[in-house]
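Novice: Attaching a single structure in structure tokens format; questions to follow.
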Amino acid sequence: MPKEAALEGFTPQIGTEVTLEQLVERAFDYRGNVTVIRRDGSSVEGYLFNRNRDVADPFVEMFDKDGHGPLTILYGDIRTIRFTGKDTAAGNSYAAWLRAKEAAKKASVPPAADA
Amino acid sequence: MSVPFSQMWTVASYVVTQRLRGRRRYPLVLQLEPLFRCNLACAGCGKIQYPAQILRKHLAVEQCVAAVEECGAPMVAIPGGEPLMYPEIGRLVRELVARKRYVYLCTNAILLKEKLQEDVFVPSKFLSFSVHMDGVREDHDEAVCRDGVFDQAVEGIREAVRRGFRVTTNSTLFDGADPLRMRRFFDEMMALGVEGMMVSPGYSYSKAPDQEHFLRRQRAHELFSQMLSSPKRQWRFNQSPLFLQFLMGKQDFECTPWGIPTYNMFGWQRPCYLLQEGYAKTFAELMETTKWDHYGRRSGNDKCRDCMVHCGYEPSAVNHTFTSWRGLRDAAVATLTGRL
Ligand code: SF4
Ligand code: SF4
């Protein structure tokens, strides 16, 4: 199972690479759209914002790509989940902002005139 | 302490009533997030990293009001995202004020002056603008990752004070914060005429992108002690003095995550404003089915180990004040002497 940063574009195989429960946890933590593929072949693309395993029929909840929802999908109906959307939390660090600011400062300082 | 007496009285009688009713867990402040959209992208913020369709959505006023009534807390904080970008912010605030809830509208204030000039809000003892200010100009602009925001916020504060609104500031402090500059910042804010200030340490939680700059517990105690010992007489804080003492390492509390529950378009967030471990459909479900003993420092949960944020510990300080003689005495001494 790849680390968070490498999830974008990942299409795992349940059973060999990862369990369904592990996959749902990763999708729940992921700050981008995912595509949930059901056992019947249909799929929903959207943001998976919740999951609950502490009930008789564990489920996930999503808002689809157009923001409609919440849609509820039972764990038992899920064949796999693909990480199809951009990870919106990636590359936004404070360190990255500071680096960009420093670079901008340097760019705005006129080069020293030759003697 | 700068909280008006009527608000203090409301909170004190609410806490005592809950205790007399034998309620072990009760909310003090509802964090109501009507949207996640924001006109800034601060590095320490874990609230705005969502796909576009989520950022475009917002709660209806009716959903917000229903959540406020369901929760029953006497105070409502409206963060976001940026609540001044919520298209019905004026109506939402009017509905909550009509229900006599003390509303803290937590804003970066970029749009504040404009909204005030459009007469979106009416001054009320039930409404405070809680302006996000993370330090002096240079530090604030760095924290919010955009130059010029401090000056815009100051303009918004001036306009709100001039129009007779209650205005407070809220500051999240990260590692590297300079205590002397923060003291200068407190002077500046009080000179603007704000009613009081709020401070809290930033804390690392997995969904905030800037993991390196959050304060660890020991470092936080040092910083807050340097910043708050010998407070100047003109400084006023719009928060419990016992919480400030906790930040300085002079009080020890356990987290009260249910004290400031969070509601947004996903539902009732478990267990707190910081950690997003799932959502309940109703407030009752949140209170009854969240595994509360898995959270807080004593739980041994790694995610809670160094946490000192106000959403977990300020309710502990308030409960301690109104439910123990020692708490009441310590708070009274701090309030009367101005010493922390
Ligand atoms: S202003 Fe507030 S909500 Fe907006 S990015 Fe900054 S911390 Fe987040
Ligand atoms: S200690 Fe409390 S407020 Fe802090 S992360 Fe844990 S549950 Fe949330």
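Every read-out reported here was derived from the displayed coordinates using simple, explicitly stated rules and does not represent laboratory data. Fair warning: this is a prediction, and the values are worked out from it, not measured in the lab. When we count neighbours, we look across all protein chains shown, and the Cβ atoms used for this are built from the backbone with ideal geometry, even at glycine.
Novice: For chain B, set up a Gaussian network in which alpha carbons nearer than 10 Å are linked by springs, and say which option among B:ARG99, B:ARG298, B:ARG21 fluctuates the most.
Specialist: Looking only at B:ARG99, B:ARG298, B:ARG21, the biggest GNM fluctuation is shown by B:ARG21.
Novice: Can you put B:GLU114, A:GLU61 in order, fewest other beta carbons within 10 Å first?
Specialist: Neighbour counts put them in this order, fewest first: B:GLU114, A:GLU61.
Novice: Using the Kirkwood radius over Cα pairs, work out the Stokes-Einstein diffusion coefficient for the protein assembly as shown at 37 °C and 0.692 mPa s, in µm²/s as a whole number.
Specialist: Rounded, D is 142 µm²/s.
Novice: In a shell of Cβ-Cβ distance under 13 Å around B:PRO87, excluding B:PRO87 itself, what net charge do Lys and Arg (+1) and Asp and Glu (-1) give?
Specialist: +2
Novice: While we're on this one: I need the trypsin sites (Lys or Arg not before Pro) found in the range B:128-201, filtered to DSSP loop residues with at most 15 other beta carbons within 10 Å of theirs.
Specialist: Passing both the DSSP loop test and the Cβ count: B:ARG163.
Novice: So how do A:HIS68, B:HIS221, B:HIS310 line up by other beta-carbon neighbours within 10 Å, fewest first?
Specialist: A:HIS68, B:HIS221, B:HIS310
Novice: I've got another one for you. Grab the beta carbon distance between B:LYS125 and B:GLN63, set R0 = 25 Å, and tell me the FRET efficiency rounded to 0.05.
Specialist: Efficiency for this residue pair is about 0.45.
Novice: For the range B:293-340 and the range B:103-163, what is the separation of their Cα centres, given in Å?
Specialist: Measuring centre to centre over Cα atoms gives 28 Å.
Novice: I need the calculated FRET efficiency for the pair B:ARG305 and B:GLN226, taking r as the beta carbon distance and R₀ as 25 Å, to the nearest 0.05.
Specialist: 0.65
Novice: Quick check on my link table: of B:LYS125/B:LYS250; A:LYS65/B:LYS47; B:LYS250/B:LYS303; B:LYS57/B:LYS113, which ones sit more than 29 Å apart, alpha carbon to alpha carbon?
Specialist: B:LYS125/B:LYS250
Novice: Gap in Å between the Cα centre of the range B:23-79 and the Cα centre of the range B:216-255?
Specialist: With the range B:216-255 and the range B:23-79 each reduced to a Cα centre, they are spaced 27 Å.
Novice: While we're looking at this one, here's another question. Have a look at the DSSP beta bridges in the range B:5-337 and tell me what percent are antiparallel, nearest 5.
Specialist: Looking only at bridges with both residues in the range B:5-337, the antiparallel portion is about 25 percent.
Novice: Using the basic label-point model (7 angstrom from Cα toward the beta carbon), what is the B:ARG219 to A:THR19 distance in nanometres?
Specialist: 3.6 nm
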